[in-house]
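Taking it in order: structure first as structure tokens, then the write-up.
The values are calculated or read from the model by the stated rules, or taken from the named source; none is laboratory data. What you see is a predicted model, and the numbers here were worked out from it, not measured in a lab. Neighbour counts are summed over all protein chains in view; Cβ atoms, including those assigned to glycine, are modelled from backbone coordinates with ideal geometry.
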There are 6 protein chains.
Amino acid sequence: MERDNQVGIGKFALRLVLDFSDETDAAKTKHSTTDYHFCIGKTGAMDLKKVVSAIETASKRNQLIEEDLYRETHALYHAILEAIQGVTRGQSQLGEIMRTVGLRFAVVRGKPYKNKAEGEWLAVALYGTIGAPIKGLEHETVGLGINHI
Amino acid sequence: MERDNQVGIGKFALRLVLDFSDETDAAKTKHSTTDYHFCIGKTGAMDLKKVVSAIETASKRNQLIEEDLYRETHALYHAILEAIQGVTRGQSQLGEIMRTVGLRFAVVRGKPYKNKAEGEWLAVALYGTIGAPIKGLEHETVGLGINHI
Amino acid sequence: MERDNQVGIGKFALRLVLDFSDETDAAKTKHSTTDYHFCIGKTGAMDLKKVVSAIETASKRNQLIEEDLYRETHALYHAILEAIQGVTRGQSQLGEIMRTVGLRFAVVRGKPYKNKAEGEWLAVALYGTIGAPIKGLEHETVGLGINHI
Amino acid sequence: MERDNQVGIGKFALRLVLDFSDETDAAKTKHSTTDYHFCIGKTGAMDLKKVVSAIETASKRNQLIEEDLYRETHALYHAILEAIQGVTRGQSQLGEIMRTVGLRFAVVRGKPYKNKAEGEWLAVALYGTIGAPIKGLEHETVGLGINHI
Amino acid sequence: MERDNQVGIGKFALRLVLDFSDETDAAKTKHSTTDYHFCIGKTGAMDLKKVVSAIETASKRNQLIEEDLYRETHALYHAILEAIQGVTRGQSQLGEIMRTVGLRFAVVRGKPYKNKAEGEWLAVALYGTIGAPIKGLEHETVGLGINHI
Amino acid sequence: MERDNQVGIGKFALRLVLDFSDETDAAKTKHSTTDYHFCIGKTGAMDLKKVVSAIETASKRNQLIEEDLYRETHALYHAILEAIQGVTRGQSQLGEIMRTVGLRFAVVRGKPYKNKAEGEWLAVALYGTIGAPIKGLEHETVGLGINHI
Ligand SMILES: [Mg+2]
Ligand SMILES: [Mg+2]
Ligand SMILES: [Mg+2]
Ligand SMILES: [Mg+2]
Ligand SMILES: [Mg+2]
Ligand SMILES: [Mg+2]
């Protein structure tokens, strides 16, 4: 954990989803001084593919990944799946097992390593609630996926 | 996500592991005004059972759970396993598949719901790095487990 | 296994699903002398969420859990998921991978430990058949989930 | 569940592990009138391979499978793995995640289907406790694996 | 790997899916000298149950398994599930997590062991592409399931 | 599957492990006309970390990945894990559940897509046997992992 004193790309992504609940614009302003590129958004679903799709769409619209390159889509997709495993903890399923999520997501792209030859990496952070499809019957959940791009 | 404007027990636990890297005492001071009880610690291992054990031991020593009650051990154990799934993303294994972790952990206990009949809950947050057993060949990882107690 | 000579809450739940096939009323009569509260029912589906839903609905209608408390819903939900893992053995999926179940379920609530400070626990037992969606192309399956409540 | 009124091979195996706690000989006597062949035994371990090994060894010693035929070993092995998934509910791991089991097992071989062309099948049933490696900090667990042989 | 110099049933099935891309008839011709029985086909889906169903249907239509015997359906089903795990690598899901497959499949039945008492076995091989539901955003994938029958 | 008529990087890797059993040098000769770089090797173990380690070591020694770049180690590691999931079909475990593997592996690096902007990719193919730790009690198994690098 030698990178404790700098801000890792994962920690940066996690703060984006944890810090600003209703103030998306503020988030964009405050964090725009960093070298990382990022986008944030919200998604709620009983359907994991909507979560995947919301994150992919936001990432493309905000030019975090180049839409036409499979290599970038692939990097993002696996980062999303890894983040979803933190959120779902054992079964990457929502409605199929009668649960739903309300999530804030952040996708961050940049060079987190001192050795610049390490190139660009992606972090996908998810934070929100998971639970029964009844308001209030839910608890918090988090996930982080990291991949080279 | 109606609890966005208050601090959920999970978000609180995540901040404990994200905010203070080398300043454990500061963490204890700053956060001690909350109604939540918590402990924080560090653990590094190629062996998941050492991670489980470090968190259980710290939780007992700090009286977050009552050691003699299986019900409390059981609640903590499942919260730890859920947090580990976020960290390991698919296989709850470390050395068996040639990887190691360096983690900061936080265990938080308290009443996160407005309806006090919901009683006490536990949050276990993990943040750190995971990767090859070679310094630097690693990226960040996070996990959160939440359980009623 | 020191509780071998008494009847554990899990064994009690398993007997409820194993003993009485067509005689639900008999089951209710015979077992009503115990200190455990329970309900039993049947569910058949290619859709796991119908299994989850059938068990949750029966548990609420029979006052085994308090419907308005998330803490109790949460305890039941995780016990159901654990029982389903025994039934599905590796993938918590039915129709998605072309199989269906016909299950009898029992939900039992009570104090299984001698130390009464251990409080109440829940057992969810499932027994029935799993197989292709063609009558007879199926074999038996069982699952048990246990949680503190 | 049309076989409700007869005793399926899985239900038979489950009763062997549930009914007789300390009376192995009684079990052998009472159940010996059935057409099924079976063996029962006990195993306690923090090490899944000891569980697998105990069941395989007992099955061979009691001539439930023919030791030299891989086809029979293969059938038994997958039935054991399926039963273990019910016991471990999500991660087929014991000591690696700081837990231990004390299990009674039964292996049953016979022809459970009315159509005798269905031939012989195997059932592996497990029942006992799972929990922390501290006496009493444990709850019940069950598993059933069924395979054609 | 002593069977390296002969052709194992799995290697035979893999060659069927790897060798002939558009020449199904050629495949049938060339390989028909072997002692193995087999069928080959194609399936594309966002829905795993269509993959399972396509393989089962082809196997029955080509008399690789006897449709009325559950024992044979069961052997094939588990071999298919095992092959799918190689294709999906961690989550036996397609459309649920926004991905699709285009697969060639082969089902082979025969006696792969020198000791003829080992009897018949089944191999299910899958090869093709997996990826986003957009043409070209995909990479190759393979799976092999083997079972006694 | 439009790449059917060319040789995909995955198919190329699979052929390396399937085609030449005892003739490693021949393999190197015959395939050296391709644009892909590759290495092949053998590994046998009850310990997955030895499998991971053997593949990583061979890849570094043959300059398939740059040892000092985490980005390349990371790409290879995830490709290995995906290949292992095909081999282990459900639990990435060997000795822990009493089984062992004898595997041939191939690691291939190159540009498999017509669009050269897609850059380099890695394929890890595994083929061999898995089974009980007794000679002959085993069947074939395969795995393929693909990643951008
Ligand atoms: Mg990684
Ligand atoms: Mg929960
Ligand atoms: Mg438990
Ligand atoms: Mg089966
Ligand atoms: Mg097998
Ligand atoms: Mg991929």
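Counting only residues that are in a loop (DSSP other than H, G, I, E, B) and within 16 Å of ligand 1 (Cβ to nearest atom), how many does the range F:131-149 have?
Total satisfying the criteria: 1.
Looking at A:T129, A:T100, A:T88, which one is away from ligand 4 (no atom under 16 Å from the Cβ), within 30 Å of C:I65 (Cα to Cα) and in contact with a His (Cβ under 7 Å, 6 or more places away or on another chain)?
Of A:T129, A:T100, A:T88, the one residue that is away from ligand 4 (no atom under 16 Å from the Cβ), within 30 Å of C:I65 (Cα to Cα) and in contact with a His (Cβ under 7 Å, 6 or more places away or on another chain) is A:T129.
Tally time: how many residues in the range C:113-127 are crowded, with 24+ Cβ neighbours inside 10 Å and either part of a loop (DSSP other than H, G, I, E, B) or of a type outside the set (A, V, I, L, M) (or both)?
The number of residues fulfilling the criteria is 2.
For the range E:135-149, enumerate the residues that are more than 7 Å from every other protein chain (Cβ to nearest Cβ) and out of contact with any strand residue (DSSP E or B) (no Cβ under 9 Å at 6 or more places or on another chain).
Residue satisfying the conditions is E:K135 alone.
So F:T100 ticks every box in (1) touching a Pro at 6+ places or on another chain (Cβ under 6 Å); (2) more than 14 Å from ligand 5 (Cβ to nearest atom) but one. Which box is left unticked?
(2)
Could you list all residues from the range C:112-125 that are closer than 19 Å to C:K42 by Cα and more than 10 Å from chain D (Cβ to nearest Cβ)?
Answer for the range C:112-125, where residues must be closer than 19 Å to C:K42 by Cα and more than 10 Å from chain D (Cβ to nearest Cβ): C:L122, C:V124.
Any residue that is assigned to a helix (DSSP H, G or I), out of contact with any strand residue (DSSP E or B) (no Cβ under 7 Å at 6 or more places or on another chain) and either within 16 Å of ligand 1 (Cβ to nearest atom) or within 13 Å of chain C (Cβ to nearest Cβ) (or both) - is there at least one of those in the range D:90-111?
No, because not a single residue in the range D:90-111 is assigned to a helix (DSSP H, G or I), out of contact with any strand residue (DSSP E or B) (no Cβ under 7 Å at 6 or more places or on another chain) and either within 16 Å of ligand 1 (Cβ to nearest atom) or within 13 Å of chain C (Cβ to nearest Cβ) (or both).
Among the listed residues F:L137, F:L94, which satisfies the condition of being within 14 Å of ligand 5 (Cβ to nearest atom) and surrounded by fewer than 24 Cβ atoms within 10 Å (Cβ to Cβ)?
From the options F:L137, F:L94, the qualifying one is F:L137.
Condition test on E:E82, is it among the acidic types (D, E) and within 14 Å of ligand 5 (Cβ to nearest atom)?
yes
State whether one or more residues within the range F:79-90 are surrounded by 18 or more Cβ atoms within 10 Å (Cβ to Cβ), farther than 23 Å from E:V87 by Cα and not acidic (D, E).
The answer is no, given that none of the residues of the range F:79-90 is surrounded by 18 or more Cβ atoms within 10 Å (Cβ to Cβ), farther than 23 Å from E:V87 by Cα and not acidic (D, E).
Quick one: how many residues across the range D:64-94 are touching a residue at least 12 places away in the same chain (Cβ under 8 Å) and away from ligand 3 (no atom under 16 Å from the Cβ)?
14
Restricting to the range E:81-100, name every residue that is of a type in the set (V, I, T) and closer than 17 Å to A:V52 by Cα.
Narrowing the range E:81-100 to residues of a type in the set (V, I, T): E:84, E:87-88, E:97, E:100.
Hits for the range E:81-100 are E:T88, E:I97, E:T100.
Are any residues in the range E:62-77 at the interface with another protein chain (Cβ under 10 Å from one of its Cβ atoms) and of a type in the set (V, I, T), and if so, which ones?
Within the range E:62-77, E:T73 is the sole residue that qualifies.
Anything in the range B:133-149 that is more than 17 Å from A:V17 (Cβ to Cβ) and either out of contact with any Asp or Glu (no Cβ under 7 Å at 6 or more places or on another chain) or within 16 Å of ligand 4 (Cβ to nearest atom) (or both)? List them, or say none. Step through it out loud before you land on a result.
Quick first cut of the range B:133-149, residues more than 17 Å from A:V17 (Cβ to Cβ) only: B:133-139, B:145, B:147-149.
Result: B:P133, B:I134, B:K135, B:G136, B:L137, B:E138, B:H139, B:N147, B:H148.
Going residue by residue through the range A:126-146, is there one that turns out to be touching a residue at least 60 places away in the same chain (Cβ under 8 Å) and over 19 Å from the mean Cα position of the chain (by Cα)?
yes
With the structure loaded, tell me whether A:K11 is of a type in the set (D, E, K, R) and at pLDDT 85 or above or whether it fails that test. Break it down into steps so the answer makes sense when it comes.
Working: of a type in the set (D, E, K, R): yes; at pLDDT 85 or above: yes.
Judged against the criteria, A:K11 is a match.
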